[in-house]
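The block underneath contains the structure these notes are about, expressed in structure tokens.
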């Protein structure tokens, strides 16, 4: 680790080589600016964060309590505030990442306006958001270090200076891994490669790709999903790997997501050469009926399965249908195939958060790939309260406990909020991530859309109070006063926007002539 003192010495050595022409440049100021900007490019970030993620994966393999977490972000400021908050409350960013959700880009970042999660937004919006997130995280580094440098300048004793120096030399960056959603690749494998390159160049060390058809892609929690044969999906995994390797991110991470649990359709019948090969396994799940040649009509498609001529069920739009009840088997095959062909982690999109369901699939996968690890979407699309109350109800009922006081179909009711069943359900929700990491192989837990919902909730509360009879008190009592009491850095919004960083730079550049914003008339001084 390069220390602050070493940076000063390196800068001083450089300045000496320039003679009097660079006399106005301070080696200490150069050292401070270098420390505040340790990542010059997105590739620097991708290489740094890939190493972190690989180390975290190895730690999880040794101890399943060492799972990782992230929250979805749709703006650089949101990601920055999340990491600042984590450092404030938990003192370290270790095993905490950011998630970049394609759903939120479509809903909030497209020039077309709000869009459904169907890959209709601009491809470049994904890489742009990655770059934006890392710009804000790097600014968070500069802001915190700037505060430490000012504390160092104002320290009056050797002991004070030593304490601040130690904080500078042991500074932990806000820059963390981002798991970035590339949807289904936004086109063919070449399109996937080009987009992956752009995302990696922006800083992504981990790319998540799903096995849906790119041009009819749907949100994982909506109907109408259509999967592709394994060979087509693997070509896109290869494209992402080549993008990582071309750019020198040799330990980049690929998450292969399967939507097969909720996808009952396929656009293509897989190519197969021999019985039992991957294409044949994919086709074995098709809903077929045995036919005789004379029964065939114009446009019918037929296959030979187990020596019999069969016709797959086909919808009017030309899509082929899988047999009902085969989703879990297809997920297991998808995951094994992806892990055996270049993916590092798997993602199974489910319809509910149920450890038994997830764990059964992961255990089946681990019979073939023992160290299989899962990324899991703790989705806001799930009604967590209802799901877990129903799970507890079913467990109580199965154990012979009296559940006559509850209506299973109406367990969301506020009437049950203070009951034993509700308390048990809430405890299961609280421990879900740790339990699932231990029992279902989940290495990474994420919530895709949390900040979408928190922005809506907080805005609703503010609008109700401010435009209602509370007026300005609606803001002061429910926002500013809470910011002050909770030590939220943004209460000093000028500082958060970089005003103090700018003042530092003005002083470096102009010395005593610098016109700084942080004087006695700056109203931010009211916050101490």
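For the reader, a short list of remarks on this structure follows.
- Within the range 381-395, residues that are free of Cβ contacts under 8 Å to residues at least 12 places away in the same chain reach no partner that is buried (at least 16 other Cβ atoms within 10 Å of the Cβ) and part of a loop (DSSP other than H, G, I, E, B) with beta carbons closer than 6 Å at six or more positions or on different chains.
- Qualifying residue in the range 345-361 (condition: under 20 Å from residue 210 (Cα atoms), without any contact (Cβ under 8 Å) to a residue 40 or more places away in the chain and in contact with a strand residue (DSSP E or B) (Cβ under 8 Å, 6 or more places away or on another chain)): yes
- Helices (runs of 4 or more DSSP H) within the range 362-477 that include 1 or more residues touching a helix residue (DSSP H, G or I) at 6+ places or on another chain (Cβ under 9 Å) and over 24 Å from residue 345 (Cβ atoms): 384-398, 420-430, 450-466, 472-475
- Test: residue in the range 386-395 that is at pLDDT 95 or above, over 30 Å from the mean Cα position of the chain (by Cα) and either surrounded by 18 or more Cβ atoms within 10 Å (Cβ to Cβ) or outside the structural domain of residue 360 (by TED's automatic domain parsing) (or both): yes
- Candidates are the residues of the range 44-67 that are touching a helix residue (DSSP H, G or I) at 6+ places or on another chain (Cβ under 8 Å) and surrounded by fewer than 17 Cβ atoms within 10 Å (Cβ to Cβ); the one that is nearest to residue 206 (Cα to Cα) is 66.
- The range 258-277, subset modelled with pLDDT under 95 and not in a loop (DSSP other than H, G, I, E, B), residue surrounded by the most Cβ atoms within 10 Å (Cβ to Cβ): 266
The values are calculated or read from the model by the stated rules, or taken from the named source; none is laboratory data. Since this is a predicted model, take the numbers as computed values, not measurements. Quick reminder, even Gly has a Cβ in these numbers, built from the backbone with ideal geometry, and neighbours come from all protein chains shown.
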